[in-house]
Structures are given as structure tokens and as C-alpha cells.
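The values are calculated or read from the model by the stated rules, or taken from the named source; none is laboratory data. Just so you know, these numbers come straight off a predicted model, no measurement behind them. Here Cβ is always computed from backbone atoms with ideal geometry, including for glycine, and neighbour counts include all displayed protein chains.
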Amino acid sequence: MGEMAQKISKVDHKELLDILNTAFAEEWLAYYQYWIAARIMSGPMSLSIGEEFKEHAHEEKEHAELLATRIIELGGTPLIDPNDWSKAAKCKYDAPTDENVLAIVKQVLTAERCAVARYQQICDMCFGKDYQTFKISAQILEQELDHEQDMEDYITDITKIIQPA
């Protein structure tokens, strides 16, 4: 972090780096959750949802890249060992043991809701204190909110297909 940025920042940098690394780990786990789910799910709408999941996986990877860059800018080091991701993450990865599309979408919805809470937490921490981190977190939060809505819509649509009115 530059000298002037350090002077104006009002955020505990250790705490911020810790939470950014937590989010970084969660993004890589979310990437994999979407990536693998897109390939193994079956059932109503699974092909179209799988294509959407591939796009979401790409977005989660972009989030990890944004976070890694910001962690480095702040003088930290992103978690470099993938084995540490599940240890650091508070939003846990649930392996899709049931290939049914509805079960998988529900798992992903839980993960997305956790991500929404994580980025709201970072935004709250940085609002008025670290503009750049706030801006990055708000950008990611916007996409996570869209992902949450997508999962809710899929659940509604799939439920209508398997349980018509």
C-alpha cells in the first residue's frame, strides 16, 4: 500500500488482510463448486443451468483474481497453498454427493448467501475507510447478489416442473 494510502486508511490492515484471504479462499472453493456441478448435475434444466454455472465459475475466478491483487497491493500474500483454502474459508464447500440439479442448486444457494454476507461484511468494514477495497467488495457483492437471485429463480422453476400446479 502506498504511503498516502496508508496515512488515510482507517482500517486494521491485519484484520482486513485476514478477511480478504478468507474471501479469496472461498472464491476458489466457489469456483470449483460451480465448475464440478456444471459437469455432473442431472435432471430438469440441468443443461441450461450447467451453462450458467460455467459462467458463474468464471466470475468466481475473476473475484479471486481481484482479491489476490488487492491483498498484494495491501502488502499481504494471498493464500498460496490450495490445502489452506478449506481451512481459511468460513463459507464451506459442500461436495455435490447428490447429482440431482435441485439438490445442487440448493447447495450453491447456501454458498451464495454466505458470500453475500462476506462481501457485505467487507463493505461495512471499509466504508469511508478504504475506498479501493470497498469498491472491489461492492462490485463482487453485486455479482453475488445476482448469483443468489439466479439460484432462487432456478429453485422456483425446477419446483414448478417437478410439481406442477
- Would you mention how many residues in segment 114-142 are acidic (Asp, Glu) and in a loop (DSSP other than H, G, I, E, B)? 1
- Select from segment 96-105 the residues that are in a loop (DSSP other than H, G, I, E, B) and touching a residue at least 24 places away in the same chain (Cβ under 8 Å) and list them in ascending order. Pro96, Glu99
- Message: Among the residues of segment 52-59, are any assigned to a loop (DSSP other than H, G, I, E, B) and either over 16 Å from the mean Cα position of the chain (by Cα) or buried (at least 20 other Cβ atoms within 10 Å of the Cβ) (or both)?
- Response: no
- Determine if segment 38-49 includes at least one residue that is modelled with pLDDT of 95 or more, of a type in the set (Val, Ile, Thr), crowded, with 18+ Cβ neighbours inside 10 Å and within 13 Å of the chain's Cα centre (by Cα). no
- Does Leu16 fit the bill of being aliphatic (A, V, I, L, M), touching a Leu at 6+ places or on another chain (Cβ under 8 Å) and either surrounded by fewer than 16 Cβ atoms within 10 Å (Cβ to Cβ) or at pLDDT below 95 (or both)? no
- Would it be correct to say that Ala68 is of a type in the set (Gly, Ala, Ser), without any contact (Cβ under 8 Å) to a residue 60 or more places away in the chain and touching a Phe, Trp or Tyr at 6+ places or on another chain (Cβ under 7 Å)? yes
